[in-house]
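Remarks on the structure that follows.
The values are calculated or read from the model by the stated rules, or taken from the named source; none is laboratory data. Predicted model only: the values in this text are computed from it and were never measured. Cβ sites come from the backbone with ideal geometry, for glycine too, and all protein chains shown count toward neighbours.
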Amino acid sequence: MNHRHLLPNEIDLLVDGEAGFGVAPLRAHLDECHQCRARYEDERVVVDALEAMPHFAPDSRLIDRVMGQVPVFVPAHIAARDSVARFLPQPGPARVAVAAVFASVAGLVTMGLIWIATQGDAAVFMTGLLGNRLRLTLMGTARDAAVALLGEQALAAVQATGIGAGLLLAGFVLTAFGTVAGIRRLATVSRR
Ligand SMILES: [Zn+2]
């Protein structure tokens with residue numbers, strides 16, 4: 001016989017019907033010690049009563065109600081990506097078409113900026129209606145964009161040789177072609 005009484009967790013093991021290594025001596029103690037046997041019986045009664053109670057399942061709307069009150073922090077770049085994704089169609093031809101249209105528009109804007117950067121006088125004339133400060137800002141931005149895209153030397157070469165117009169025309173035709181193709185594809189997909 002053990003010379004100490006059972007610990008609460010040891011009585012838990014017996015109540016749970018554990019049958020692992022080391023449980024046999026605990027059970028042997030229970031058979032010989034009235035005090036521990038009484039504690040075991042008391043716990044047994046409580047556990048049996050709990051198990052006899054009807055089992056409830058939480059309301060299926062509980063998660064929504066709880067989460068509705070939890071402020072979830074969404075990082076800015078995730079939020080931006082999600083809002084873009086909401087406007088994008090499912091992956092497939094439609095998404096390809098949207099990407100084509102987006103690339104075309106971006107290309108058009110880039111072409112416009114390069115044109116403004118290369119056509120100094122014309123750009124000044126064209127933007128003459130704008131305020132002086134806004135015009136300078138626009139010209140500076142266009143030049144920066146063109147330099148970033150072509151590099152300082154290439155931009156100078158384009159300006160000097162006047163190949164800018166040809167380049168621009170080719171770019172514009174390609175861009176317009178891409179836009180039309182994209183929109184046609186989008187129309188075909190949405191008709192299905
Ligand atoms: Zn005991």
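Might you check whether a residue that is over 30 Å from Val101 (Cβ atoms), away from the ligand (no atom under 15 Å from the Cβ) and more than 46 Å from the chain's Cα centre (by Cα) occurs anywhere in the stretch 71-89? So that I can check it myself, show each step before the final result.
Just the residues of the stretch 71-89 that are over 30 Å from Val101 (Cβ atoms), to begin with: 71-73.
Okay, now just the ones that are also away from the ligand (no atom under 15 Å from the Cβ), so 71-73.
Narrowing further to those that are more than 46 Å from the chain's Cα centre (by Cα): none.
For the stretch 71-89, residues over 30 Å from Val101 (Cβ atoms), away from the ligand (no atom under 15 Å from the Cβ) and more than 46 Å from the chain's Cα centre (by Cα): absent.
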Subject >> Positions within the stretch 123-164 being under 23 Å from Ala176 (Cα atoms) and modelled with pLDDT under 65, in sequence order >> reply: Ala123, Met126, Val158, Gly162, Ile163, Gly164
Subject >> Subset of the stretch 43-63 [surrounded by 10 or more Cβ atoms within 10 Å (Cβ to Cβ) and either within 12 Å of the ligand (Cβ to nearest atom) or of a type in the set (D, E, K, R) (or both)] >> reply: Glu43, Arg44, Asp48
